[in-house]
Structure formats: structure tokens, C-alpha cells
Amino acid sequence: MLPPRRVIVLGWAGCVAGLGACFDPDHLPAMAFDVVATEAWQDGATRPTPAVAGEVRLVVTNNLDDTVSVVSWNALQRGGDGAEVARFPVGLVPLEREGPHHVDVDDDGRFAFVGISNFVPAGGSGPHGLHGTGSADGRVLRVDLDTQQTVAAVRVDKNPGDVRLSPNGTTIAVTHFDLLKVADAAANDVFVGADVDARIAFLDPITMQRQRLLPVCPAPHGMAFGNDGRLLVTSCLSDEAAIVDVAAALAGSDAATLVRRVTLLDAPGTAQHPNCSPYAVTMTADDSTAWISCYASGDLVAVDTATATRGRTLALPGLAVFGDVSDAGDRLAIATQDTDGIVVFDVTGPGELALISFFSLSADICPLPHTVRFLDDDDALAVVCEGNKRDPGAVVALDADSGAVLGRVVVGRFPDDIAVQVKP
């Protein structure tokens with residue numbers, strides 16, 4: 001016969017029957033929700049040799065396996081053998097999928113800033129849901145690329161989208177692609193306003209303290225700074241773009257004066273049902289035009305940053321994703337999906353584009369290109385290839401004039417962004 005089970009009953013006064021213990025529920029210790037980066041899990045793996053002065057490396061976030069890949073640009077251009085010099089884990093909780101999503105690197109080439117989105121494909125709903133639907137707050141990590149250790153972390157809003165360091169190096173901006181907020185508002189028959197709009201977080205890259213959390217628009221995702229860091233343009237899921245006065249925002253100006261929203265279509269949809277589905281932003285070299293990538297329609301829409309008006313719209317051969325402008329300012333490259341490839345335009349005319357070429361990328365080379373960067377004095381392109389979002393993706397080097405493949409290297413699963421590390 002089994003012995004009788006001992007039942008412990010918690011009474012209303014906080015006493016545990018059978019244990020003789022009581023507590024006062026009004027004097028419980030405060031719960032701490034912040035994670036101290038130095039107390040987070042560290043893997044202890046052997047570190048590769050840090051980059052030397054003048055060496056160019058590519059830093060890539062691998063969303064599905066919680067890692068960052070470091071790729072030697074020189075080795076990639078020579079074919080790609082041995083180009084991935086490191087792949088290390090990032091995140092604060094090793095037993096959970098945290099979805100590192102987008103990355104930038106400081107001008108000294110020492111620190112990377114990685115967004116933790118809690119985006120887990122096939123994860124369903126909850127704290128680690130699909131892209132934009134996680135209910136847990138995100139984080140931004142400051143990672144030492146020499147030691148590959150996380151040295152600081154700051155909590156931001158749910159579903160971080162893009163992470164960008166201002167050109168003057170003084171501010172990190174983080175968008176929040178918060179589809180959960182959009183859906184929750186719609187469930188209450190609210191489709192515009194504060195209950196729908198997500199915020200951009202502005203952070204100090206040295207102290208990793210929040211400088212300001214600014215409401216902007218529904219589910220902002222991609223963004224681009226102006227050259228002096230005073231201007232920022234972000235995509236908004238509501239078929240809009242938002243132009244943000246960063247300098248005034250950090251000076252404490254009233255939020256109502258800081259954001260100018262621009263409708264991108266004659267017949268726009270809503271954040272719940274967008275027709276364009278704005279996804280990424282590429283700024284011209286003179287800051288005059290922000291080109292907004294539409295992921296649903298494949299359009300590329302010009303926004304005049306001075307007048308906050310919509311300009312020309314072009315239809316791309318595929319769904320528009322992230323792009324880059326050449327250092328010389330004369331070419332714009334945009335990655336496209338569905339019809340996988342890189343579109344290259346001449347942008348020497350203000351607000352105008354002239355097609356130069358389309359480099360088609362085959363499934364064995366680069367399925368689902370997600371972003372592209374000009375390198376080597378604009379002679380080459382680095383492309384991040386998502387792959388099938390289950391198996392390892394890749395980074396590819398292309399000749400910028402002919403589109404010829406110079407090299408390819410396999411990285412982690414579902415890579416989604418690229419930053420350039422150059423040690424001065």
C-alpha cells in the first residue's frame with residue numbers, strides 16, 4: 001500500500017500548513033527583470049585571431065541557430081575556402097531560441113551591436129513567436145569581436161527589427177517590427193494611433209543606456225541614417241515611411257514635432273492589410289532621397305526627405321528587400337526575392353533611377369538574397385543569402401560590373417544581415 005500523500009496548503013495569510021512557515025506578501029523582495037550581460041552564459045570556445053589593421057571582415061547574424069558568423073572578405077573573394085573564420089553563439093539564455101536579428105559594427109571594428117528579436121520560425125506564438133509576433137521584450141547586445149563575448153545588453157521593446165549605428169557613431173537606433181501590437185489593436189477595432197504605433201529606441205553605444213523611446217508608426221522595420229546622423233528614415237507597415245529628426249529627438253523635443261509620415265501609394269492599405277508592405281530603406285549618398293522597398297508588391301518608392309513627399313515608383317523583377325548605395329554615390333543595388341537576384345541602378349539623377357543590370361542568382365548559389373553591400377571601392381558586392389530558412393545559408397561575393405560569382409561560403413542557418421568590420 002502506498003503511504004498517504006502529504007498535502008501542503010498555502011493559506012490566505014501566507015502560511016504553509018505542515019511546514020510552520022509564514023511570510024508577509026506585502027514585503028516580498030523586488031523581482032529583477034534585467035539581465036546583467038557579464039552574468040549571462042558564455043560558451044568558452046577557442047577564439048580566432050582578432051582582425052588586424054586594414055583587414056576587412058563581414059559580420060553576419062544567423063537568425064535560426066543563435067550565432068554570428070565572421071567572414072574574411074579576402075578569402076571570400078578568392079573563392080570562399082576557409083572564409084568563415086569564426087561562428088560563435090550570441091544571446092542571454094543558451095537553452096532558448098532568441099533569434100539574433102540584424103547587426104552593425106562600430107568604426108573601430110571592435111564592437112558589434114546585435115538585436116535579439118525572439119524570432120523563432122515554426123515557434124508558434126508566445127515569447128518566442130514568429131517574426132514580429134514574439135511577446136517577450138527584445139535586447140540589443142554589445143559584443144566584443146576580439147573576444148567574441150557579450151559585454152553589455154540593454155532591454156528594448158518587443159520584436160526588434162533593424163539595428164543601425166549612426167554615421168557619427170554616437171547613437172544606435174532600433175526599430176520594432178511589432179506585428180503583435182498591430183494584431184492586438186485590431187482585435188479591439190483600433191487601426192491607427194498610439195495603440196498601433198511602435199517605437200524606435202535610441203541607445204548610447206558606449207554605455208548601452210536608452211536615450212529615448214520614440215513612437216513612430218506601425219511596425220517600423222528597415223531604416224537608414226543620413227550622413228550626419230541627424231536624420232533617419234524608416235519603413236512603416238502601414239504603407240508609409242517615417243522621417244525622423246534624430247537630433248531634436250535626442251534633445252528632448254516634443255514627440256509630435258519629430259516624425260513626418262509619408263504615404264507611399266495612391267491607394268494605401270493598412271498596417272493589418274498593407275498593399276506595399278514597406279520593408280527596407282536605402283538612402284542616397286546626398287540624403288535627398290530614401291528608396292523604400294515594398295516586400296508585398298516588389299515596388300521601389302522614392303521619398304523626398306526634405307519635403308516629405310512621395311516621388312517615383314519602380315516595379316522590380318522580384319520582391320524588394322535590403323540594398324546599398326555605392327561609396328561614389330552613383331549606383332544603387334537592391335536585393336530581390338521570389339525572382340532571386342540583385343538589381344543595380346544608376347542614381348546620378350535626383351530622385352531618378354536608370355537600370356544598369358540585373359544579376360540573377362541561382363538556387364545553388366544564393367536562394368533568397370536578403371541584403372547586399374558595396375565593397376572594394378565599389379568593385380564588388382557582398383550578398384547575404386537566407387537559403388530555405390532551415391538549412392545553412394551563405395554569403396556570396398559578386399563582381400559589381402558583371403555579376404560574376406567571385407566566391408561563396410556557407411554560414412549559419414537563416415542569415416539575415418551583414419555588417420562590415422574594418423580595423424583602422
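Structure data summary
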| quantity | calculated |
| --- | --- |
| Residues satisfying the stated conditions in segment 67-104, i.e. within 21 Å of the chain's Cα centre (by Cα) and polar (S, T, N, Q) | T67, S69 |
| Failed criterion for V303 (all others in (1) modelled with pLDDT under 95; (2) in contact with a Lys or Arg (Cβ under 9 Å, 6 or more places away or on another chain) hold) | (1) |
| Those strands (runs of 3 or more DSSP E) lying entirely in segment 176-279 with at least 2 residues acidic (D, E) and in contact (Cβ under 8 Å) with a residue 12 or more places away in the chain | 240-245 |
| Search result, residues across segment 79-93 that are on the phi < 0 side of the Ramachandran plot and either assigned to a strand (DSSP E or B) or in contact with a strand residue (DSSP E or B) (Cβ under 6 Å, 6 or more places away or on another chain) (or both) | A83, E84, V85, A86, R87, F88, P89, V90 |
| Close pairs (6 angstrom Cβ cut-off, 6 or more residues apart or separate chains): touching a residue at least 60 places away in the same chain (Cβ under 8 Å) in segment 384-408, of a type in the set (S, T, N, Q) anywhere | V384/T371; A397/Q77; L406/Q77; G407/Q77 |
| Per-region count, segment 204-232, residues buried (at least 24 other Cβ atoms within 10 Å of the Cβ) and either among the charged types (D, E, K, R) or within 22 Å of D106 (Cβ to Cβ) (or both) | 4 |
| Matching residues, segment 397-412, being assigned to a loop (DSSP other than H, G, I, E, B) and charged (D, E, K, R) | D401 |
| Count of segment 319-367 residues which are over 24 Å from V262 (Cβ atoms), in a loop (DSSP other than H, G, I, E, B) and out of contact with any Cys (no Cβ under 7 Å at 6 or more places or on another chain) | 11 |
| Qualifying residue in segment 362-372 (condition: farther than 24 Å from V68 by Cβ and not acidic (D, E)) | yes |
| Some residue of segment 393-409 being in contact with a Ser or Thr (Cβ under 7 Å, 6 or more places away or on another chain), within 24 Å of G109 (Cβ to Cβ) and either buried (at least 24 other Cβ atoms within 10 Å of the Cβ) or at pLDDT below 95 (or both) | no |
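The values are calculated or read from the model by the stated rules, or taken from the named source; none is laboratory data. Since we're looking at a predicted model, the values are computed, not measured. Backbone-built Cβ (ideal geometry, glycine too); neighbour counts: all protein chains shown.
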